[in-house]
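Note sheet for the following structure.
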Amino acid sequence: MIAAALTLLLALPPLVWVAAMFDRIGTGRGAVLIGPLQNGAALLLRPNTATEAPDRLNRLLAPGWYLALALVGLSVVPLAPGVVASDISTGLVLWGACEALTVVVVFLHGWSPNAPLPLIGAYRYVAIGLPAMLLSMFVLIGAALPAQSLSVVEVVEAQREIWNVIRQPLGLPLFMALGLAITLRGPFDYADGAELAGGTSAEESGPALALWHFARAAMLVAFSAMAATAFLGGHLGPVLPGPVWLLLKTLVLMALSVAAGRFFARMPPARMLTFLWVVLLPLSFASLALVGVEVLP
Amino acid sequence: MTGIAMPLILVLLAIAFAVTMQRIGAKTEATWPRRAPFLGGGLPETHAWQRFHVRYYPMTLLFIAFEMEMMFMYPWAVVYVETGIVALAEMGMFLGILSVGILYGWREGVFRWQ
Amino acid sequence: MNWLSALARGAEIPVFAVAGAQGLAPVEGLRRRPGLRLVDSPRHARVLLVAGAVDAAHKTALERLHAQLPPPRGTVWWQAAPLFARGEAVAGNDPLPAIRAAAEASDPDQRPDVPPHPWQGMGPHGQGGRGMMGGNPYGRPMAMTAEDIRDGLELDAYSARFGPFLPMLPPGLALDLTLQGDVIVSVTVVSPPFEQGVQGDAPDLCAARMLRLMGIGPRAARARGALMVLPKGSGMRRRLAAWLRGGTVAETPEPLSEALPGLEWAEAVLWLASFPPSQLRAVCMERQAA
Amino acid sequence: MTDALFLALSTLAIWSGWRVFRVDSMVRASFQLMVSFIAVGLIAVLLAAPYIGIATIFMMAVEMMVMALFMVMFMMNPAGLNPMVMVHQHRFSIAAGVVAFSGLSAAVLLSDLPVQRVPEGADVVRDLGHELLGPSMLIFETAGVTLLATMIGAVVLSAHSGRYGASDAGSLPPGLTPGGEPAGRKPDESAGHHHHHGGH
């Protein structure tokens, strides 16, 4: 348990670096390897400015909470058979709680500077973040059906025969939609988008901004690890040891998420809200029904 | 049941890390022009904090009801395979009833901006 | 923290670019330049780049913007007459050396250090406010309730001047907006967008600006799905499609004070970006002349 | 270990519960309450209820989020820029608090609480599932209908938009024949405002 937690803490910074590299590939800026580190260092040395009458405490803590949620979400992922940092029998629900709290944290991040653009970003994000969470609940329940358990360890064990991505082909894409929402990316980036000049982080600078980006990337890692575990068999795989498989699958999903974030355009929020409830949510019903019929004895 | 100790430790670590890191940056004096909210050179008349006109409030109410129902589904999922067709039928009914709620909400336009 | 500073020396310089007259196309040309990175908010920037002439009427706005860059900060005037005595003026085609130099500079504030309204020590708690909603707590009054144009709920109306240098609006466009939530309730055009010439109306440039607001690059937009995310019936799809095909858009927009109220922020911003700057300028000038 | 955790979490729950009434900002108050509930949820996990505990955290996160939206929307001075007192009817609330606290404490101390240790490794979530699909099936299905009624009620009471347009514009259905009289029941002229009122 402690070994697993230490492994996570050691693996997270390099993986965040990799996430930043993925973000840089294809932007034509060069310096893919060292660029994110240099920019991060430069940002850390800049000052953060106060805004008029901000909520200081929440402004200080919001990036930390975001990072904490990414870490807790990551900690329910088993790294190898029997090696898991948070060994809790309701890991899937704990992951869901992390998603819900992410909405709260992003809202606080936008609320606390007392400035118009972050505030609009915060409110828009809540509109989209809440229903996007329903999608992940359905597809993760779909992953729990064959495992007959809410424990993430059991979910992995149940995929020895066949991965959930084959049992539940719609599950992974729908879960990726949630992933884009909690990592504030592309089509679901209603918090920090360009039409709000950076939205909830428009007023942040210096270390606060660097940490917010760090936490976003950490959340991408956590989400990808969770998706790899729930749909791609986690640490299961031939020849190579378990943690290596998990790492490889996580990297693939990180790359996929980054690519999806770049490919799909962002709708105006009201349109996305209807799309979520009327198209994606019924799709997730269907996905659950499909897996339900499949696993019936 | 100490499975929650590790998440709590991780939360404390993350918060400590974030607070420490935010002490690194240079310190500046916060003058009033520096503190003004960014509006591209423009100025607001009032504080941004306000009785914010949330445009999707009926959706949030629908959402809460829906979320409540989802919480029944987790225990259901655990015993689904054991119970078999009964569980499928029961959840089908349950979801059917709630889908009516979504359809009604859609027809009444609650997913649009009010 | 020496190693941190050493690492930071190789970083890209974050630049907040203000496009003046004829400045939009040159600024867009900087977007892929290595060594600098254009950012959306002055809070993220180290250097303020003023590209193209900004008329003296916008001096105060520019000074306010300048103050919002966290210090130390530098200024570069690129093909623009300096409006205040900070930073370096560049006439040539390449502002990068001047930006590098400005990244070492440290400009002081141009605006006086006074709160928007006096408040210190006033009121029963010394925070400048009175009662529940009155006074100027911490220098500003609180927003008050007003009629709404959509659902009739009388909640607070937020009035502010947006622009002239907001990156999501056409450069130079300053609007006095009243918002309820993120829906625009009323609009007054304060100053029209700057003249951008023929280059500013170039289809690829216009399409890239609009697509950036949708969170994607021009390459991703070649898949026609990008058009589907735009609202139907507003003409935005038609105009973006024309730009993506390489055609020009010659539609005249409705006057802003009639077209924008009732739109939600993202829609309004996309609607504005779906017209070439020259057309928007024409329609705003027409209004001001009348 | 468990005892220390229990003490820490209950202190957090009580402290943040108390802070709810001491802060000025509606947002802070909502999320202080959320923190309090999270601590209670974690205590439930310690009490061998891993599902109920974590589900409490999950539910309270979204519910307090929505509560914060509505609190900010309808309360004066929502961010507490001017200091204020969160408590109304000060004396009455103190009295009510004392009565409730002593009543509940008396109930806990005086009643004969059953001692049934949950066996180590018992799968309580499975038991809960069997309960839902077995003896409590009727309750479960009733909850579905109740929640549907909640949804419809919430939409009717709060939504301004309607099937046939905005409610204050009449929201009249089209005629049965082209250009004919609006179909459906006629609103009562003397009744003034009808039901859509958007919660002023």
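The values are calculated or read from the model by the stated rules, or taken from the named source; none is laboratory data. What you are looking at is a predicted structure, and each value in this text was computed from that prediction instead of being measured. When we count neighbours, we look across all protein chains shown, and the Cβ atoms used for this are built from the backbone with ideal geometry, even at glycine.
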Report yes if some residue within region A:48-65 is over 22 Å from residue A:185 (Cβ atoms), more than 10 Å from chain B (Cβ to nearest Cβ) and either not polar (S, T, N, Q) or not in a helix (DSSP H, G or I) (or both); otherwise report no.
yes
Single residue of A:160, A:216 found to be part of a loop (DSSP other than H, G, I, E, B) and either modelled with pLDDT of 90 or more or out of contact with any strand residue (DSSP E or B) (no Cβ under 7 Å at 6 or more places or on another chain) (or both):
A:160
Flagged in region A:257-282 as farther than 28 Å from residue B:95 by Cβ and of a type in the set (Lys, Arg), in numbering order, are A:262, A:266
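Residue-by-condition table, conditions (1) within 26 Å of residue D:76 (Cα to Cα); (2) in a helix (DSSP H, G or I); (3) acidic (Asp, Glu):
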position: B:55; (1), (2), (3): yes, no, no
position: B:58; (1), (2), (3): yes, yes, no
position: B:63; (1), (2), (3): yes, yes, no
position: B:73; (1), (2), (3): no, yes, no
position: B:76; (1), (2), (3): no, yes, no
position: B:80; (1), (2), (3): no, yes, no
position: B:88; (1), (2), (3): no, yes, no
position: B:101; (1), (2), (3): no, yes, no
Given (1) of a type outside the set (A, V, I, L, M); (2) part of a helix (DSSP H, G or I); (3) surrounded by 24 or more Cβ atoms within 10 Å (Cβ to Cβ); (4) touching a residue at least 60 places away in the same chain (Cβ under 8 Å), residue A:96 misses just (4)
The correct count of residues that are among the small types (Gly, Ala, Ser), on the phi < 0 side of the Ramachandran plot, part of a loop (DSSP other than H, G, I, E, B) and crowded, with 18+ Cβ neighbours inside 10 Å in region C:64-89 is 1
For residue A:119, are the conditions met, namely being without any contact (Cβ under 8 Å) to a residue 12 or more places away in the chain, within 8 Å of chain B (Cβ to nearest Cβ) and over 19 Å from residue B:7 (Cβ atoms)?
yes
State yes or no: is residue C:216 under 26 Å from residue A:28 (Cα atoms) and either of a type outside the set (Val, Ile, Thr) or within 21 Å of the chain's Cα centre (by Cα) (or both)?
yes
I'd like to know if region A:130-145 contains one or more residues that are facing another protein chain (nearest Cβ under 9 Å) and either without any contact (Cβ under 8 Å) to a residue 24 or more places away in the chain or within 30 Å of residue C:42 (Cα to Cα) (or both).
no
Take the residues in region B:32-53 that are facing chain C (nearest Cβ under 7 Å) and outside any loop (DSSP other than H, G, I, E, B), then tell me which one is nearest to the chain's Cα centre (by Cα).
B:44
Enumeration of residues in region B:1-31 that are outside any loop (DSSP other than H, G, I, E, B) and more than 26 Å from the chain's Cα centre (by Cα):
B:20, B:21
Might you let me know whether region A:261-277 holds any residue that is part of a helix (DSSP H, G or I) and either farther than 30 Å from residue C:218 by Cα or away from chain C (no Cβ under 12 Å) (or both)?
yes
Among strands (runs of 3 or more DSSP E) entirely within region C:105-206, at least 1 residues that are aromatic (Phe, Trp, Tyr) occur in C:158-162
Looking at region C:120-144, I want the residues that are within 14 Å of chain A (Cβ to nearest Cβ) and modelled with pLDDT of 85 or more and have a partner that is in a helix (DSSP H, G or I) and surrounded by 14 or more Cβ atoms within 10 Å (Cβ to Cβ) with Cβ atoms under 8 Å, at least 6 apart or on another chain. Which pairs are those?
C:139/B:32
Count, please, the residues in region C:8-59 that happen to be touching a helix residue (DSSP H, G or I) at 6+ places or on another chain (Cβ under 8 Å), part of a loop (DSSP other than H, G, I, E, B), more than 10 Å from every other protein chain (Cβ to nearest Cβ) and farther than 18 Å from residue C:85 by Cα.
1
Just for region C:163-181: of the residues that are facing chain B (nearest Cβ under 7 Å) and more than 8 Å from the chain's Cα centre (by Cα), which one is farthest from residue C:265 (Cα to Cα)?
C:174
Within region A:173-218, which residues are within 14 Å of chain B (Cβ to nearest Cβ) and either on the phi > 0 side of the Ramachandran plot or of a type in the set (Phe, Trp, Tyr) (or both)?
A:190, A:197, A:198, A:199, A:206, A:212, A:214
State whether one or more residues within region B:77-93 are within 30 Å of residue C:166 (Cβ to Cβ) and either crowded, with 18+ Cβ neighbours inside 10 Å or aromatic (Phe, Trp, Tyr) (or both).
no
Taking region A:12-58 only, how many residues are within 23 Å of residue B:15 (Cβ to Cβ), within 20 Å of the chain's Cα centre (by Cα) and in contact (Cβ under 8 Å) with a residue 12 or more places away in the chain?
6
Candidate set from region B:2-45 (those that are surrounded by 19 or more Cβ atoms within 10 Å (Cβ to Cβ) and more than 20 Å from residue A:59 (Cβ to Cβ)); member that is modelled with the lowest pLDDT:
B:3
Considering only residues of region D:43-69 that are assigned to a loop (DSSP other than H, G, I, E, B) and within 11 Å of chain A (Cβ to nearest Cβ), which is nearest to residue C:132 (Cα to Cα)?
D:49
Would you mention how many residues in region C:217-268 are part of a loop (DSSP other than H, G, I, E, B), hydrophobic (A, V, I, L, M, F, W, C) and either modelled with pLDDT of 85 or more or assigned by TED's automatic domain parsing to the domain that holds residue C:182 (or both)?
4
Where residues in region B:97-111 are more than 7 Å from chain D (Cβ to nearest Cβ) and free of Cβ contacts under 8 Å to residues at least 40 places away in the same chain, which of them is farthest from residue B:57 (Cα to Cα)?
B:99
Within region A:257-291, how many residues are surrounded by 20 or more Cβ atoms within 10 Å (Cβ to Cβ), more than 22 Å from the chain's Cα centre (by Cα) and in contact (Cβ under 8 Å) with a residue 24 or more places away in the chain?
1
Out of D:23, D:72, D:40, which single residue is more than 11 Å from chain B (Cβ to nearest Cβ) and within 17 Å of the chain's Cα centre (by Cα)?
D:40
